[in-house]
1. Rounded, prolate or oblate, given the Cα gyration tensor of region 66-173, with a/c below 1.5 counting as rounded?
2. Give the shape of region 25-65 as rounded, prolate or oblate, defined through the alpha-carbon gyration tensor: a ≥ b ≥ c are the square roots of its eigenvalues, a/c under 1.5 means rounded, and otherwise the shape is prolate if a/b is larger than b/c and oblate if not.
3. Compute the signed sum of charges (Lys and Arg +1, Asp and Glu -1) over the other residues within less than 11 Å, Cβ to Cβ, of ALA206.
4. Taking every DSSP beta bridge with both residues inside region 60-184, roughly what % is antiparallel (nearest 5)?
5. Rounded if a/c is under 1.5, else prolate if a/b is larger than b/c, else oblate: which is the chain, with a ≥ b ≥ c the root eigenvalues of its Cα gyration tensor?
6. Could you look at the chain and say what percent of its accessible area is carbon and sulfur, using a 1.4 Å probe and all protein chains?
7. Assuming 0.36 nm per residue, please report the length gained on full extension of the stretch ARG43 to PHE114 beyond their Cα-Cα distance.
8. ALA74 versus LEU168, label points 7 Å from Cα toward the beta carbon: distance in nm?
Amino acid sequence: MKLDDSTDALLVIDVQNDFCPEGALAVPKGDEVVPVINRLVKRFAHVLLTQDWHPPHHRSFASAHAGKKPFETAELGYGTQVLWPDHCVQGTAGADFHRDLAHGKAELILRKGFRPEIDSYSAFFENDRRTPTGLSGYLRTRGFKRLFMTGLATDFCVHYSAVDGAALGFEVVVLEDGCRAIDLAGSLVAAREAMTKAGVRLDTAAALGF
Ligand code: VGL
Ligand code: ZN
């Protein structure tokens, strides 16, 4: 596939230590996305990263709810929230990008999930589905039209970012070989369905010749 350097951007989602093997919220084979993404970084003129960035005791952590265990759910002000192990706490090694990720070229690092009471899967809106992160304004102002998404996890942050990006009018391509899933109770199948329904193109870097 031919890229347009003025309107295409690579969005790399949450490739952080806590989502890689041995991390606090390890995504199976999460580190396998790194070589794929590093190849993509060389092909794209513009690279943007997101970083899950929670304060200690964040409300999405099971540890903040008496009697709850990770991967159970809780009703928060904005709806049902999966409760996670403590992860990506601001300033900790777990919140750092994977050491081999080629992040030096990134033009933007968008941090999300920093409001103590609201989780943020999507790079565009927090989990209340109303509070914007500011990313859409940034992307529009810079003239980006097509977003190639990769990273962790396919069924949570990539999924919500892709669906929101499409709803906001961007052309979204998820490169699945540059993603890995948590896959809780069928969440990967559901995410792929939701993305397809939203008009997101599911493809691979390999098939597109990147
Ligand atoms: C994520 C769960 C909690 C993700 C972030 O990056 O997919 N998942 N926080
Ligand atoms: Zn998180």
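1. Cα axes put region 66-173 in the oblate bin.
2. Oblate.
3. Here the charged neighbours net out to -2.
4. Once the DSSP bridges in region 60-184 are tallied, antiparallel ones form about 40 percent.
5. prolate
6. The computed percentage sits at 53.
7. 22.5 nm
8. Each label point is offset 7 Å from its Cα along the Cβ direction, giving 2.8 nm.
The values are calculated or read from the model by the stated rules, or taken from the named source; none is laboratory data. These figures come from a predicted structure and were not determined experimentally. Here Cβ is always computed from backbone atoms with ideal geometry, including for glycine, and neighbour counts include all displayed protein chains. Accessible surface areas use protein heavy atoms only, side chains included; no ligands, DNA or RNA. Shrake-Rupley method; radii C 1.70, N 1.55, O 1.52, S 1.80 Å.
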